[in-house]
Amino acid sequence: MSTRLAKQGRLIDRSKQVEFTFNGTTLKGYEGDTLASALLANDQMLVGRSFKYHRPRGIVASGAEEPNALVGLGSNRRYEPNQRATTTELFAGLEAKSQNHWPSLEFDVGEINSKLFARFLPAGFYYKMFIHPKPFWKHVYEPFIRKSAGLGAAPDKELVDADTYEHFYFFTDVLVIGGGVAGLQAAKTAAATGAKVLVLEEKSFWGGRAPVDGGEIEGLAAEDWIAKTLEELGAMDNVTLRDRCMGAGVYDHGYVLGYERLTDHAPEAGGPRHRLWRIRATQVVTATGAIERPLSFAGNDVPGVMLAASMRDYIVNWGVMPGQKVVIATNNDDAYRTALAVHAAGGEVVRVVDARENGGGKLADEVRALGIRVENGRAIAKVKDGKRVTKVALCAQNGEGGAREEIEADAVAMSGGWSPVVHLWSHCGGKLNWDAANAHFAPDPDRAPTSHDGKPFVVTAGSASGPLGLGAVMADAAAAGAKAAEAAGRPAQAVAEIATNDVAEAQMEAVWFMPAKADIQLRMKSWLDYQNDVKVSDVQLAAREGYESVEHTKRYTTLGMATDQGKLSNINGLAVLADSLNSEIPQVGTTTFRPPYHPISMGAIGGEARGEVFQPLRRTPMHDWHEANGADFEPVGHWRRPYAFVRGGESVHDAVNREVRNTRENLGLLDASTLGKLVVKGPDAGKFLDMMYTNMMSNLKIGKCRYGLMCSENGFLMDDGVVARIDEDTWLCHTTTGGAERIHGHMEEWLQTEWYDWKVYVTNVTEQLAQVAVVGPNARKVLEKLNAQAGGGMDVSKEALPFMEWRDGEIGGFKARAYRISFSGELSYEIAVSASEGQAFWNALYEAGKEFGVMPYGTEALHILRAEKGFIMIGDETDGTVIPQDLNLQWALSKKKEDFLGKRAHTRSHMADPDRWKLVGLETVDGSVLPDGAYAVGNGVNANGQKNTIGRVTSTYYSANLGRGIAMGLVKHGPKRMGEIIEFPGTDGTIYKAKIVDPVFYDKEGEKQNV
Amino acid sequence: MLMLHCPFCDEYVEETELQAGGEAHLKRFGPGSSDDEFHDYLFTRENPKGVHFELWRHINGCGKWFIAARCTVTLEVFGTYPANCTEPPQWIKDKISEKRPGWTWREFAG
């Protein structure tokens, strides 16, 4: 039985009781508890079910390495799955639910997986079983697996997280990760040099394990030394201390992410819940401590079996005794401290089994002196299955598990030795050495992660370096602090010796199986990875099936792939694999340590960037008018453009049709301000544009416009637009709305990296100008009316301003530049005014246009108008694989020019292939609208038995002017197949039949735009 | 996340301010080049384990392109310089040779 002790508990405040619920039952704990310690105080041994076999699982650890005690926390907009009970601080009203069980935690149907099917669920089970027969996968296996496997349920997608998050930037000389005694000592030493120091501690308390493990530093009890050191550091201006803040990842050039949990323990406190620290540190000290390893014996996953040091933590830190009759199994001296702690708290240690033939040192003697039975060379053969520990069978370590002695117990403390937490050291390339004596991988200081100067920027301190004794830890930490400060440019300093009282410990011995020759029955119950349900037998099977690489074995067995990333399981798993392969552990090697050290919230990663501030929005000068006039906006890059202006009582579709008809019949206004506008200027500008565009731009006459195409160096069409020659050495290039920044960058790249001796400047003036397309048969009338009202202005007659020319002047009193260009096939002026006058100009046009039937139109009408004319749209007709020839735009490819971007590529064999799909118009036989993106099928099948495709739809619309569906598409040999009817199977099962036609559906001669 | 020195701004800037542009010092092949030459120019890139030259643009800054000489293994940066040259300046070559004895330009070793 697990109970709260009457005394002890250095972290809890017994005067502050708090209530919380677990699976709906109200339980009591104290302020300072973790959810795990509070559950144990309430004798809640069973906290979850395992991933694959649904075995009952209890709390194993006391910190971030906990694999089992994952719960769903909170509810509704604050629900979060897979939270570790051991790192969750208790608060009043906390709601926790266990996971992975159905119908209930106590009674779980899936447990039969374990009892009946364990032998059918070996390593690689998914790969082996579910290949055939195919329909079984969809209808039997997958639904079953989805129901029975997996961790916690994902939050409801409709519920928006109620909390806020933020990012925070920090720059420091030395960053110390870990606020245990080693981290504090390293910080103290570094700070003494005047270096700016930041110390991060993931827990809510400082000092790490030292107060639990005992010992004295500089003549003070560990706890007092910690308090004194914290006070000293807190008083220094050059030191920043942050608790509840984990060092999550170490990246290139001293970039480190910190993850601060501000209000997880106080959800009503207000302010951001998590803060992501984006830190640049000149030097990083990782004082991340060490993690105790489990021992691999049968039933090592039964609730009540826990890590020895964690049991000690629960007793000393939280005043919780996880069992009344405790068996301790160990291969090292540290676990004897747990025996002492259990005894001191009034618990009974029924047996200590030490796998070492020669047993322990002074600590073991101390335990024996208390009358506790200690047996050397002994092992746990098996812990009886169940929802909690009831019986433990003991045997000789050096055997197969026979001649067992069964004893009654309700808890087991195990210790398989300690592994330094090397994750942060390894994230950015720090290498490890195998320490055979201590059976762990430790950082190799000669192969540290290196920074921009090629010099190391990470140094480990304390038990993260390998040593475990207090004296060695403190000496290592002081040296690390001094080293980091010096490497960060502070003066070197001699490190004074730090006095500690240390108990000498006997050497640990590696124990990878308990007992050493355990039979298959035992190995099938010996867990390596609790969270992913991987057993000793699974790793051995993988080895037998030929998985020699540790990276492959990891993926085949899923060892170490759970949310704890193998913090407890990796070394044991490696050892089993090495043993199975008759290899050595260093030869097998480790898997890669990747950030974050411990899962961090998606909210923290997103920070402030959500909702309205997710990304910057670009608004044209006329945006507010659009908004007030029914605009249904669509995103185009970062811009918001009106898709259509919807009037009361009509649908969006109705609005589009109305706008299309009105523009052809009367007068339409389009806000074209988003169109990219690049000024290209300089003595070599013409020569430069001749390289950028496929057609000739240098010979364009001043005052004239030309439609141009741009290809990438490998020949694909990347942008198009109208270019205007402004003066002798100035051109203005229009780009697509989405292309302005991209094309500007493209031009700059060529100018700066290839033709850097050419005298050309490129400036993006997109946002300096508001541009309005005045379109339709009445376009000229409205401009003339405005000029008349203003008492003069630019002559916009056909003669003074012919098609494909531009003029500067005044329109309606506004300083304007008018281009006679048309993307609709109608009489059209695109008029640019200063951005600050955009709204006023638009208002003037709209007022004056009323008598001419003016209506604003949106991007969908724009698309339909251009499609009726067979004009291509970058991004519809092009997708990065289309060349101008595919779109019958050969006329725009200059033959006179020796070179332009894409010219050489167009002669490559695939580009010149006559079988390339080419642009055609498509007209459905019944007048319906073709589905967008539909593929046309031809005769025969391909190698996969699928019908051969011969084309696809690139643009498809309902044309209100023609009263039918119109489309464009790319079809194999299309232009030679005019009149032919081809089939497009839709995803709805319908076969759409369409006739290949000319892509110009409206005003084929182009008379309307040229009036 | 790398930090590189922008030779135009004379500042160390974070990767979030930069745009990567791939291998630097490519020789352009245009009309008249052989299929092999053009293919190599378009598609064949060095992928060295060691010294490398990369184009970077200070896109969220001055907008200028520069070249970074760095080691892809250790993340050491030997230096950055404006992109207006066809091969690395001598001072960069000297610095790399000093740090990576035996290294020579265009052999992508070391």
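The shape of region A:642-770 can be summarised by an equivalent ellipsoid whose semi-axes, obtained from the alpha carbon gyration tensor, come to 34, 15, 13 Å from longest to shortest. Please report the antiparallel percentage of the DSSP beta bridges confined to chain A, to the nearest 5. Counting only bridges with both partners in chain A, antiparallel ones make up about 75 percent.
Could you tally the net charge around A:Q789, taking each other residue with its Cβ under 14 Å from the Cβ of A:Q789, Lys/Arg +1 and Asp/Glu -1? Present the calculation step by step, with values, prior to reporting the outcome.
On the way: positive: A:K781, A:K785, A:K850; negative: A:E784, A:E810, A:E847, A:E851.
Net charge around A:Q789: -1.
As a proxy for reagent exposure, ranking B:T104, A:T924 by other Cβ atoms within 10 Å from fewest up yields B:T104, A:T924.
Equivalent-ellipsoid semi-axes (√(5λ), Cα gyration tensor) for region A:377-479, whole Å, largest first?
Details: eigenvalues 334, 38, 36 Å².
Sorted largest first and rounded, they come to 41, 14, 13 Å.
Show the residues, 5+ positions off or on another chain, whose built amide H is closer than 5 Å to the amide H of A:S673. Amide H neighbours of A:S673: A:Q771. Counting only alpha carbon atoms, the long axis of helix A:470-487 and the longest principal axis of chain A meet at about 30°.
Report the FRET efficiency, 1/(1 + (r/R0)^6), for A:E551 and A:D444, where r is their Cβ-Cβ distance and R0 is 22 Å, rounded to 0.05.
Values: r = 20 Å, r/R0 = 0.93.
It comes out at approximately 0.60.
Between region A:920-979 and region A:1-75, the alpha-carbon centres lie 63 Å apart.
Sorted fewest first by neighbouring Cβ atoms within 10 angstrom, B:W56, A:W758, A:W917 come out as A:W758, A:W917, B:W56.
Hey, got the dipole for region B:3-99? About the Cα centre, +1 on K and R Cβ, -1 on D and E Cβ, debye to the nearest 20?
Values: 10 positive and 16 negative charges, 22 e Å.
Here the size comes out at about 100 debye.
Relative to the longest principal axis of the Cα atoms of chain A, helix A:779-790 runs at roughly 80 degrees.
According to the calculation over all Cα-Cα pairs in region A:458-587, the P(r) per 5 Å bin from zero is 2, 10, 15, 15, 12, 10, 10, 11, 8, 5, 2, 1, 0 %.
Each residue of region A:162-176 was assigned a 3J(HN,Hα) from its phi angle through the Karplus expression (A = 6.51, B = -1.76, C = 1.60, θ = phi - 60°), giving 6, 9, 10, 9, 8, 9, 9, 9, 8, 10, 8, 6, 10, 10, 9 Hz with x at Gly and Pro.
Considering all projection directions equally, how large on average is the shadow of the alpha-carbon convex hull of region A:217-269, in square nanometres?
Details: hull surface 24.1 nm².
Computing the convex hull of the Cα atoms and averaging its projections yields 6.0 nm².
Using the Cα gyration tensor of region B:43-110, with a ≥ b ≥ c the square roots of its eigenvalues, what is the shape: rounded (a/c below 1.5), prolate (a/b larger than b/c) or oblate (neither)? Because a/c hits 1.5 or more and a/b exceeds b/c, region B:43-110 counts as prolate. Normalised Debye scattering of region B:3-99 at q = 0.20 Å⁻¹ gives log10 I(q)/I(0) of -1.02, counting only Cα atoms as equal scatterers and leaving out solvent. Debye sum, Cα scatterers, region A:870-1009, no solvent: what log₁₀ I/I(0) at q = 0.14 1/Å? Ignoring solvent entirely, the Cα scatterers give -0.70.
Using the Cα centre of the protein assembly as shown as the reference point, and only Cβ charges (+1 on K/R, -1 on D/E), how large is the resulting charge dipole? Debye, rounded to the nearest 20. Could the numbers behind the result be given before it?
Values: 123 positive and 145 negative charges, 427 e Å.
Result for the protein assembly as shown is approximately 2060 debye, rounded to the nearest 20.
With a Cα-only, solvent-free Debye model of chain A, what are the log10 I(q)/I(0) values at q = 0.07 Å⁻¹? Results for chain A at q = 0.07 Å⁻¹ read -0.80.
In order along region A:1004-1011, the phi-based Karplus estimate (6.51 cos²θ - 1.76 cosθ + 1.60, θ = phi - 60°) of 3J(HN,Hα) comes to 4, 7, x, 6, 5, 7, 10, 8 Hz; Gly and Pro are listed as x. Dipole of region B:3-99 computed with +1 at Lys/Arg Cβ and -1 at Asp/Glu Cβ about the Cα centre; of B:W56, B:P88, B:V73, farthest Cα towards the positive end is B:P88.
Return the long-range amide H neighbours of A:A816 (sequence gap of 5 or more, or a different chain), with a cut-off of under 5 Å between placed amide H atoms. Correct list: A:G809, A:E810, A:I811. A simple rule links phi to the HN-Hα coupling: the Karplus curve 6.51 cos²θ - 1.76 cosθ + 1.60 with θ = phi - 60°, which for region A:324-333 gives 9, 10, 10, 9, 10, 10, 8, 10, 8, 7 Hz, with x for Gly and Pro.
Normalised by 2.2 N^0.38 Å, where N counts its residues, the alpha-carbon radius of gyration of region A:298-416 equals 0.95.
Computed about its Cα centre, the charge dipole of region A:676-767 is approximately 420 debye, with only Lys, Arg, Asp and Glu carrying charge at their Cβ. Between helix A:838-849 and chain A there is an angle of about 40 degrees, using the helix long axis and the longest principal axis of the Cα atoms.
First measure r as the distance between the Cβ atoms of A:W758 and A:Q507, then evaluate 1/(1 + (r/R0)^6) with R0 = 60 Å and state the FRET efficiency to the nearest 0.05.
FRET efficiency, A:W758 to A:Q507: 0.25.
Test of understanding: ordering A:L574, A:L184, A:L262, A:L930 by Cβ neighbours within 10 Å, fewest first, what list do you get? Spell out each step's value before the answer.
Details: A:L574 27, A:L184 33, A:L262 18, A:L930 24.
Ranked by crowding around the Cβ, least crowded first: A:L262, A:L930, A:L574, A:L184.
Along the axis of the charge dipole computed for chain A (Cβ charges of +1 for Lys and Arg, -1 for Asp and Glu, origin at the Cα centre), the listed residues A:M321, A:A967, A:P67 are led at the positive end by A:A967. Which of A:Q789, A:A943, A:W425 sits farthest toward the positive end of the charge dipole of chain A, with +1 on the Cβ of Lys and Arg and -1 on the Cβ of Asp and Glu? Farthest towards the positive pole: A:A943. Of the cross-linked pairs A:K7/A:K228; A:K759/A:K815; A:K203/A:K431; A:K325/A:K391; A:K325/A:K362, those separated by over 18 Å at the C-alpha level are A:K7/A:K228; A:K759/A:K815; A:K203/A:K431; A:K325/A:K362. Annotation: amide H-H contacts under 5 Å for A:D444 (H modelled 1.01 Å from N, sequence separation of 5 or more, or interchain): A:K431, A:L432, A:N433.
If you take the Cα atoms of region A:192-310, find Rg, then find the Kirkwood Rh from the mean of 1/r over all pairs, what is Rg/Rh?
Values: Rg = 17.7 Å, Rh = 17.2 Å.
For region A:192-310, the value is 1.03.
Sites listed here are trypsin sites (Lys or Arg not before Pro) in region A:1-51 whose DSSP assignment is loop and whose Cβ has at most 15 other Cβ atoms within 10 Å: A:K7, A:R10.
Values quoted throughout were computed directly from the atomic coordinates according to the rules given, and no laboratory measurement underlies them. In this text, all values refer to a predicted model and were calculated from it rather than measured experimentally. Here the Cβ is made from the backbone with ideal geometry for all residues, glycine too, and neighbour counts use every protein chain on show.
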